[in-house]
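Engineer: Please read through the structure below; I'll follow up with questions.
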Amino acid sequence: MVGAIAALEERVMQKKGAGVRRRDADIAYEAIEAMISTMALPPGSPIVDAELSERVGIGRTPVREALMRLMSIGLIVQQPRRGLLVSPIDLANHLDVILTRRTLERVIASCSARRATTAERNEIVACAERMVAAAAKDDLKAYMRADHELDAVNHAACRNASAVTAVVPLVTQCRRFWYAYQHAGEIAEGARCHALLAHGIATGNGDAAARSSDALMDYLETFTRRVIDS
């Protein structure tokens with residue numbers, strides 16, 4: 001986990017130094033969201049803006065803006081006399097998260113199949129292949145990095161901002177759930193399902209891509225039910 005956070009901090013510094021300057025609030029949001037989704041900030045952790053500001057190397061005002069956004073998607077909650085806390089993971093509600101995500105992912109996959117450029121299709125497949133390779137080595141860090149990269153390319157390729165805006169908080173919830181209960185997951189099966197999605201998109205067939213997306217959501221639902229029943 002320490003290695004994952006170190007890699008995250010390195011990416012944040014790279015983004016801060018990129019040719020096109022990004023808003024500090026956006027950089028802070030990505031950094032804190034990653035800390036929450038990878039369980040570096042586990043459920044119930046107190047949120048102190050001064051500490052987070054020092055940790056990500058960004059001023060307190062952008063950090064506060066990022067925290068407000070994280071509250072709006074339910075990753076942070078405010079409780080009387082306790083202040084801001086990382087929200088708990090609701091096992092029962094997670095099935096509804098996947099149910100909602102399933103519909104949005106079908107739209108995104110179908111749009112990507114029809115709208116992606118050749119370069120985007122190739123990169124989506126390459127990301128999936130990196131996931132498969134990482135799973136074979138049981139390299140969780142590389143697996144999750146490739147997963148995040150696949151999502152980013154897929155979301156750009158679909159050219160459907162409404163669907164992406166709606167699905168991103170759900171993806172974050174699923175990623176956090178996976179990190180919390182990864183002992184019950186099957187990384188090789190997850191990689192296989194992502195490879196099906198990638199090749200479904202690469203075919204250019206919207207229906208095939210949507211079916212591949214369903215297979216991935218089936219995997220996440222099975223994983224969730226395994227956790228709930230354990």
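Engineer: Using the Cα centre as the reference, give the magnitude of the dipole from point charges on the C-beta atoms of the chain (Lys, Arg: +1; Asp, Glu: -1; all else neutral), rounded to the nearest 20 debye. Provide the component values of the computation, followed by the final result.
Structural biologist: Details: 29 positive and 28 negative charges, 104 e Å.
Charge dipole of the chain: 500 debye, to the nearest 20.
Engineer: Another one. Please compute the modelled spin-label separation between Ala126 and Thr61, points set 7 Å along Cα→Cβ, answer in nm with one decimal.
Structural biologist: 3.9 nm
Engineer: What FRET efficiency would be calculated for the residue pair Arg225, His199, taking the C-beta separation as r and a Förster radius of 22 Å, to the nearest 0.05?
Structural biologist: On the way: r = 26 Å, r/R0 = 1.19.
Calculated transfer efficiency: 0.25.
Engineer: For every other residue with a beta carbon closer than 15 angstrom to the beta carbon of Asn205, add +1 if it is Lys or Arg and -1 if Asp or Glu, then tell me the sum.
Structural biologist: On the way: positive: Arg106, Arg114, Arg115, Arg121, Arg211; negative: Asp207, Asp214.
Summing Lys and Arg as +1 and Asp and Glu as -1 gives +3.
Engineer: Heavy atoms only, probe 1.4 Å: what % of the accessible area of the chain goes to carbon and sulfur, would you let me know? Each step should come with its number before you reach the end.
Structural biologist: Numbers: 6030 of 11170 Å².
Taking all protein chains in place, the chain shows 54 percent carbon and sulfur surface.
Engineer: In nm, to one decimal, how far is the modelled label at Gln182 from the one at Asp96, with both set 7 Å along Cα→Cβ?
Structural biologist: 2.9 nm
Engineer: May I pose another question? Given (1) 12.6; (2) 13.7; (3) 16.6 as candidate values of mean projected area of the Cα convex hull in nm², which corresponds to the one derived from the coordinates?
Structural biologist: From the options (1) 12.6; (2) 13.7; (3) 16.6, the structure gives (1).
Engineer: What trypsin sites (Lys or Arg not before Pro) does the stretch 116-162 have in DSSP loop regions with at most 16 other beta carbons within 10 Å?
Structural biologist: Lys137, Arg159
Engineer: May I ask for the angle, rounded to the nearest 10°, between helix 187-202 and the longest principal axis of the chain, with both axes built from Cα atoms and the value confined to 0 to 90°?
Structural biologist: The helix 187-202 is inclined about 60 degrees to the chain.
Engineer: Something else: Highest mean first, what order results for 41-50, 96-105 on Cβ atoms within 10 Å?
Structural biologist: 96-105, 41-50
Engineer: Still on this structure: Would you kindly state how much longer the chain becomes between Asp138 and Met68 on full extension, computed as 0.36 nm times their sequence separation minus their alpha carbon distance, in nm to one decimal? Each step should come with its number before you reach the end.
Structural biologist: Numbers: separation 70, 0.36 × 70 = 25.20 nm, distance 3.58 nm.
Extending this stretch completely gives an extra 21.6 nm.
Engineer: Helix 91-115 versus the longest principal axis of the chain: what is the Cα-based angle in degrees, 0 to 90, to the nearest 10?
Structural biologist: 50 degrees
Engineer: On to the next question. Residues of the chain: accessible area per residue at 1.4 Å, in Å²?
Structural biologist: Averaged over the residues of the chain, the accessible area is 49 Å².
Engineer: Pop the C-beta distance of His148 and Asp207 into the FRET formula with R0 = 35 Å and round what comes out to the nearest 0.05. Write down the numbers at each step before the final one.
Structural biologist: Working: r = 27 Å, r/R0 = 0.76.
So, using R0 = 35 Å, E works out to roughly 0.85.
The values are calculated or read from the model by the stated rules, or taken from the named source; none is laboratory data. Small disclaimer: the values here were computed from a predicted structure and weren't measured. Counting neighbours? That spans all protein chains shown, and the Cβs are built from the backbone with ideal geometry, glycine included. Calculation scope for accessible area: heavy atoms of the full protein, side chains included, ligands and nucleic acids excluded. Shrake-Rupley method; radii C 1.70, N 1.55, O 1.52, S 1.80 Å.
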